[in-house]
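The values are calculated or read from the model by the stated rules, or taken from the named source; none is laboratory data. Model, not experiment: these values are computed from the prediction. With ideal geometry, Cβ positions are generated from the backbone for all residues, glycine too; neighbour counts draw on all protein chains shown.
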Amino acid sequence: MRLLLWLPGRLLGALVVLVGVSILIFAAVRSLPGGYADVILGSLSSPEARAALAEQYGLDKSIPEQYLLWVLSALRGDFGTSMVSQLPVTDEFASRLPLTLGLGVIAIALTVLIGIPLGVYTGTRSTGGRSSVLGRLVSSIGISVPEFVLASVIVFLFSRFALGLRVGNVVSPATDLAASIPTLILPGVVLAVFCIASTARTTRDAVLGVLVEPHVGAAVARGESKGFIIRHHVLRNASIPILTLVATLTAYLLGGAVIVETVFDVPGLGSYLVQALGRRDYAVIQSGVLLATVVFVVMSLLVDVLTGLIDPRVSVAKKGRWA
Amino acid sequence: MTGTVAPIPRATAAQAARRGLRRAATTLDPLATVAACVLLAMFAATILARLVGLGGSPTEIVGTRLAAPSLAFPLGTDSLGRSLVPRLLEGIGTTLLLSVIAVAITAVLASTAGIVAGYRGGRVNGTIMRVGDMLYAFPSIILAILVAAVVGPGQVAALASIVLVTVPLMTRLVAVSSRAVADRDFVAAAVISGVSTPRILVRHILRNVAGTIAVQGTYALSIAILVEGGLSFLGYGVQLPGSSLGLLIKEGTTYMVKAPWLIVAPGVVLVIAILCINVIGDSLRDRLEPRETRSLV
């Protein structure tokens, strides 16, 4: 098991990244201009009230002390208290997570079901000429339409004209799963457009890269059918970049559907984070951004392990000077 | 063996650069040539607007509020009665200029870090990669908003966010390319003949990874426009009374029901600009990082 030899180093690297990220987040949040006291107490509050507030949230301690307290309690699952709502941050996140999760599941499901087959189709039929130009153009348009443009247009069309689906009045999947899907499908599709297009492009490139390898030529010479060659020889070898991309997209969707949630008025984690930033809600910003980065780091760790299992050469290579 | 050897004539730097430009211009395929022309037209229009006032003044109130497109105002007027044409031209300029400057900074930072990381390997590479990983772990729009909140909303915030969002990926890809070049024999030959390290980095490594830098720089430009747009759309980027494509689209959404033309024009221009850049990027990649494309299947 070469994988086991390589894993500890990779885990250590992830840990280093997480520590660095947490310091970056903490420093950024503490250097935000405009104090929390102005936001909560108003700018005319007395110095005594400000001091009491600072003590209540542990903001009178030294900066390194505050950082250590935050990290240690976060490790125990305690992310502090929201200054705005006075509720534990964990509860605030828990009530919003199902919405963000629902959007992410819809977008990723569409990406895997449409993006990968589309990429394989264009990759195996790309012999130049008009169809390849058309394919390039379509997938390029998909990655070129910004979320905020598409989201605004969709909101306009569906709120102006009766098109069957309504915008707004989002139902959380946690309260009623069946009723939530029609309300989440539009923002989910908007999120999916970019993901589908980029996955199709990556899949096409990966498939093209494998198709020219000698072992595919050998399979053709053995008289294997095209479908069999694509499933067994091409897709398996093309799977690593596709897997990496889908994992990256998933991590970003879970932490950062900020624009789509804001435009569609979905009270999920992304729009909450933007609001918290406007209100200088330290505990919420810190923990929200930290969670998003933790999801990303864990995801890329998982991908590396899976990659090592799919293609053992990768884990061997990573042990060398490159680690 | 002491006979003199005639020096091999070497192309001057200027000649090489001219040759590179000519090659780049002639190797773009037809689709990418169209894309490049569209982008050049956008640049020309925004420069003309700034120099000779093409389209009129972007701040002057000239008509009724939210007037529909007409002969006098080809794209209609906004909520204050300003003509949209000059606002759009100014917005294109701001967006493109911000993105180009930001990507130039990214290219310098990422090329330097990537080439050093790829050439030295080992601990230097590990350190640079870990720092890149830290930035890469942030979802891009969250990183952008966080930067904008710390620096204060505005053009500097947009610039800084674009650089921080685009640097990690480019550094990593340049490092991978540099690594591959550093292992080749001509680099070993240069080391053995006593060429100084800076000279090796510039003359041997940089030249051979220039293709990667050009391709990734093009893609970074499209990401830059996306980030600027998203940031201005959320209110953290370019501020009024300035103008940028993201800001115009944000304004457009406010009056979308009454005046849909306000979002259509900047939206279409933004999509076309990003599309053109991506098409050029694809074309550059096909030419500069060629792959075997003949297959039996």
Do we find that B:Tyr219 is within 13 Å of another protein chain (Cβ to nearest Cβ), more than 17 Å from B:Leu275 (Cβ to Cβ) and among the hydroxyl-bearing types (Ser, Thr, Tyr) in this structure? no
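Which residues, taken from segment B:92-139, are polar (S, T, N, Q), touching a Gly at 6+ places or on another chain (Cβ under 8 Å) and within 28 Å of A:Val16 (Cβ to Cβ)? Give the derivation first.
Going residue by residue through segment B:92-139, those that are polar (S, T, N, Q) are B:94-95, B:99, B:106, B:111-112, B:125, B:127.
With the extra rule that they be touching a Gly at 6+ places or on another chain (Cβ under 8 Å), the set shrinks to B:94-95, B:106, B:125.
B:Thr106, B:Asn125, listed by residue number.
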For segment A:75-86, state whether one or more residues are within 24 Å of the chain's Cα centre (by Cα), surrounded by 13 or more Cβ atoms within 10 Å (Cβ to Cβ), assigned to a helix (DSSP H, G or I) and without any contact (Cβ under 8 Å) to a residue 40 or more places away in the chain. no
Checked segment A:155-168 for anything within 11 Å of chain B (Cβ to nearest Cβ) and crowded, with 17+ Cβ neighbours inside 10 Å; matches are A:Val155, A:Phe156
Scanning segment A:258-274 for residues that are closer than 16 Å to A:Phe194 by Cα and within 9 Å of chain B (Cβ to nearest Cβ) gives A:Val258, A:Ile259
Of the residues that make up segment B:215-233, is at least one among the aromatic types (Phe, Trp, Tyr), assigned to a helix (DSSP H, G or I) and touching a residue at least 12 places away in the same chain (Cβ under 8 Å)? yes
So, of the residues in segment B:170-211 that are farther than 18 Å from B:Gly122 by Cα and among the charged types (D, E, K, R), which turns out to be surrounded by the fewest Cβ atoms within 10 Å (Cβ to Cβ)? B:Asp185
Segment B:129-185, subset in a loop (DSSP other than H, G, I, E, B) and closer than 13 Å to B:Val227 by Cβ, residue nearest to the other protein chains (Cβ to nearest Cβ): B:Pro139
For A:Thr124, indicate whether it is hydroxyl-bearing (Ser, Thr, Tyr) and crowded, with 21+ Cβ neighbours inside 10 Å. no
Given (1) buried (at least 20 other Cβ atoms within 10 Å of the Cβ); (2) away from chain B (no Cβ under 11 Å); (3) farther than 30 Å from A:Ile310 by Cα, number of the condition A:Ser144 does not satisfy: (2)
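Given the condition in contact with a His (Cβ under 8 Å, 6 or more places away or on another chain), surrounded by fewer than 22 Cβ atoms within 10 Å (Cβ to Cβ) and over 20 Å from A:Pro98 (Cβ atoms), answer yes or no: does some residue in segment A:233-249 qualify?
The answer is yes; a qualifying residue exists.
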Being within 13 Å of chain B (Cβ to nearest Cβ), at pLDDT below 90 and crowded, with 23+ Cβ neighbours inside 10 Å narrows it down to one residue among A:Val212, A:Val216, A:Val207; which is it? A:Val207
Boolean, A:Val274 is under 12 Å from the mean Cα position of the chain (by Cα), in a helix (DSSP H, G or I), touching a residue at least 12 places away in the same chain (Cβ under 8 Å) and surrounded by 18 or more Cβ atoms within 10 Å (Cβ to Cβ): no
Filter result for A:Val171 (within 14 Å of another protein chain (Cβ to nearest Cβ) and aliphatic (A, V, I, L, M)): no
Taking the conditions exactly as written (closer than 30 Å to A:Phe93 by Cα, more than 12 Å from chain B (Cβ to nearest Cβ), assigned to a helix (DSSP H, G or I) and not aromatic (Phe, Trp, Tyr)), does A:Leu243 satisfy them or not? yes
Selection count, segment B:224-240, where residues are within 14 Å of B:Leu97 (Cα to Cα) and aliphatic (A, V, I, L, M): 5
Candidates B:Val264, B:Val279, B:Val257 - the one that is over 22 Å from B:Thr166 (Cβ atoms), within 25 Å of the chain's Cα centre (by Cα) and within 10 Å of another protein chain (Cβ to nearest Cβ): B:Val264
Meets criteria (part of a helix (DSSP H, G or I), away from chain A (no Cβ under 12 Å) and crowded, with 18+ Cβ neighbours inside 10 Å) for B:Ala107: yes
Return yes or no: is B:Thr2 in a loop (DSSP other than H, G, I, E, B) and either modelled with pLDDT under 70 or charged (D, E, K, R) (or both)? yes
